[in-house]
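Below is one structure, written out as structure tokens; comments come after it.
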Amino acid sequence: MPNRFAEILKGSYVTRTSGYLDVTAKTELFKEISAISGGTFSKSHNPGNVLSTFKISIPYKKWEINLTESDTRPLKFQIGFEPRRDYELIIGIEDFFDKILKKFDKSEIEVGDIVFDKHYLIHSNDPDLTRKLLIDSIRDKILKHNLYHISYLNDTKIKTSELMSVVSRTIEDKDSYLDLITLHQMIIDSLLGLEIV
């Protein structure tokens, strides 16, 4: 199976949404989360002023955790880094597309957690480092919130890397948002501790 086709299949899975959901109903929730986490809240609209996008930027150590959610896109976390080593990781929920891709790609790894390994497909250029990165508490929170996709990818040309995750659009309570922020702080700490960033 050509890599381009595999990427199209994965892209359709990662970006899928359940239609239009009015994010403006979450305005006060986003403002409260921003205040609690010491972040900055902003709101933007598409050119026709029809669709809204919310963003919270939260400082953490020397990085910034960016959350975005819109009327048509799920909650997404993004954090940019300057990588210290060539490491990449992709984690995604195992679904129909993944089962097809799995037959053509033998590079899937397991971390030794039966529940996590059954629920997610994990690809990395360093399996041992991945097992050290995905400690119990990180795996537990990923499973708890049923994240669709997590990736840590490098752009070697400009020497940057990005951690990105995609979460369900159905999260509506403050505690879940705050717990997801904590999860990303834990991942940053793990990347830092392993000298990946």
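A few remarks follow.
- For the range 146-197: Kirkwood Rh in Å [reciprocal of mean 1/r, alpha carbons]: 12.5 Å
- Of all aspartates and glutamates in the structure, the ones whose alpha carbon falls short of 17 Å from that of LYS159, not counting any fewer than 8 places away in one chain, are GLU82, ASP86, GLU88, GLU195.
- Solvent-accessible area of VAL197 with every protein chain in place, 1.4 Å probe, in Å² to the nearest 10: 10 Å²
- Using a probe of 1.4 Å on the protein chains alone, the accessible area found for ARG73 is around 120 Å².
- Given LYS26/LYS157; LYS31/LYS144; LYS31/LYS157; LYS76/LYS118; LYS26/LYS61, the pairs whose alpha carbons are separated by over 29 Å: LYS26/LYS157; LYS31/LYS157
- Protection proxy ranking for 176-188, 77-89, using the average of other Cβ atoms within 10 Å per residue and placing the highest first: 176-188, 77-89.
- Sequence-distant aspartates and glutamates (8 or more away, or on other chains) whose Cα lies within less than 18 Å of LYS141: GLU94, GLU110, ASP113, ASP117, GLU172, ASP173, ASP175, ASP179, ASP189
- Highest average first, the peptides 189-196, 25-32 ordered by how many other beta carbon atoms sit within 10 Å of their residues are 189-196, 25-32.
The values are calculated or read from the model by the stated rules, or taken from the named source; none is laboratory data. Small disclaimer: the values here were computed from a predicted structure and weren't measured. Ideal geometry is used to build each Cβ from the backbone, glycine not excepted, and the neighbour counts take in all protein chains shown. What goes into the accessible areas is simple: the full protein's heavy atoms, side chains included, and nothing from ligands, DNA or RNA. Shrake-Rupley method; radii C 1.70, N 1.55, O 1.52, S 1.80 Å.
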